[in-house]
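As structure tokens, the structure follows; a few thoughts come after it.
What follows draws every value from the coordinates through simple rules; no lab data is involved. Since we're looking at a predicted model, the values are computed, not measured. As a convention, Cβ positions derive from the backbone with ideal geometry for all residues, glycine included, and neighbour counts pool all protein chains shown.
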Amino acid sequence: MPKHQINPNDWVKLYSDYLFNYTITRVSDREIAQDLISETFLAGLKSMVNFKGEASERTWLISILKRKIIDHYRKINSNKGKAEVRMNYHSDTETEGDWLEERVSDASDKTAEDTLVNSELGDAIYDCLGKLPEKQAEVFKMKTMLDYDTETICKELDITASNLWVIIHRARTSLAECMEKNWYN
Amino acid sequence: MKKSFLFVSCDEAQHICDKAQYGEASTSERLKLMLRLLYCHVTKTYSKKNTKLSETIETSKVQCLKAEERNKLQSEFEKELSKQ
């Protein structure tokens, strides 16, 4: 019997946020990220028969998504002949040669290593969020990741402000504990 | 004896600490929290962990879908699912 089962009915609920976070750090555009996730789910649906159950559903979907992201960049690159790259160099003699220094790595630039650490950290956060009750995870995401104000969340979820803060408190306590075990140590 | 308005319970202090993570604690609440932090070990530990969590989330720049975006994704996918 396979270790993992497949159930596409729950994909959006269980994995869309995780896949979105994975994609947005690589394509930096919300709409493109959503399109790629949508394509991933469709591709997953079509190739469900190939799911052997050795990896988790999430890992399997990520492997499809990775190919979708690569295809997306291939498409962009296939149009590169049409693109024009402009770089402004100083032409006056006093600043001549300074352009090279200006273009060496800036400390504030995001390096590949930073991206990798952030991606792993994002995975750890999502692993911990996945252990929370659905409502807690939902409220936490709305408040902390989407920066919604208290009133908006209360209206949208039909809860009171004090209810919201109790949920937030429980979510934060569980998340802090989980991150302590899985990330900080 | 009447309780001083400056002193809050441990639970109240933790609640203020949660609000402070989102910039929603008032000045007087923050003052009460700071006072409690001076002598309450439990509040101090909670506050430390809570702040660390906020910093971690901030550093990670972790993102998620808005409810309407997720709903759109869900309805589009459901259409495809129904064709199966």
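What the table below lists for this structure:
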{"read-out": "Shape category assigned to region A:115-185 from the gyration tensor of Cα positions, a/c cut at 1.5", "value": "prolate"}
{"read-out": "Region A:1-80: equivalent-ellipsoid semi-axes (sqrt of 5 x gyration tensor eigenvalues, Cα, Å)", "value": "24, 14, 10"}
{"read-out": "Protection-proxy order for peptides A:5-13, B:49-57, each taking the mean of Cβ atoms within 10 Å per residue, highest first", "value": "B:49-57, A:5-13"}
{"read-out": "Ranked list, fewest to most other Cβ atoms within 10 Å of each Cβ, for A:Val139, B:Val8", "value": "B:Val8, A:Val139"}
{"read-out": "Likely footprinting exposure, A:Met48, A:Met145, fewest C-beta neighbours within 10 Å first", "value": "A:Met48, A:Met145"}
{"read-out": "Helix-derived mean residue ellipticity, 222 nm - over chain B, DSSP H n ≥ 4, -39500 (n - 2.57), to 500", "value": "-24500 deg cm²/dmol"}
{"read-out": "Net lengthening on full extension, A:Ile159/A:Trp183 (0.36 nm per residue, minus Cα-Cα)", "value": "5.5 nm"}
{"read-out": "Nearest 10 degrees, 0 to 90: helix B:27-39 Cα axis against chain B principal axis", "value": "70"}
{"read-out": "Radius 10 Å from Cβ of B:Glu12, net charge of other residues (Lys, Arg +1; Asp, Glu -1)", "value": "0"}
{"read-out": "Positive dipole terminus of chain B, leading residue within B:Gln63, B:Val8, B:Leu38 (C-beta point charges)", "value": "B:Leu38"}
{"read-out": "Cβ charges +1 (Lys, Arg) and -1 (Asp, Glu), total dipole of region B:10-83, debye", "value": "280"}
{"read-out": "B:Phe5, B:Phe77 arranged by Cβ crowding within 10 Å, fewest neighbours leading", "value": "B:Phe5, B:Phe77"}
{"read-out": "Set A:Lys3/B:Lys83; A:Lys46/B:Lys83; A:Lys181/B:Lys61; A:Lys143/B:Lys19 screened for pairs whose C-alpha atoms are more than 19 Å apart", "value": "A:Lys3/B:Lys83; A:Lys181/B:Lys61"}
{"read-out": "Other-chain or far-sequence residues with amide H under 5 Å of B:Ala25's (modelled H)", "value": "B:Ala20"}
{"read-out": "Set A:Lys135/B:Lys44; A:Lys13/B:Lys79; A:Lys141/B:Lys48 screened for pairs whose C-alpha atoms are more than 23 Å apart", "value": "A:Lys135/B:Lys44"}
{"read-out": "Cβ-based net charge around B:Glu55, under 14 Å, with every Lys or Arg adding one and every Asp or Glu removing one", "value": "+3"}
{"read-out": "Neighbouring partner chain Cβ atoms per residue of A:166-176, average, 10 Å criterion", "value": "4"}
{"read-out": "3J(HN,Hα) from dihedral phi, region A:133-149, Karplus parametrisation 6.51/-1.76/1.60, rounded to Hz, x for glycine, proline", "value": "x, 3, 5, 4, 4, 4, 5, 4, 5, 5, 6, 8, 8, 8, 6, 6, 7"}
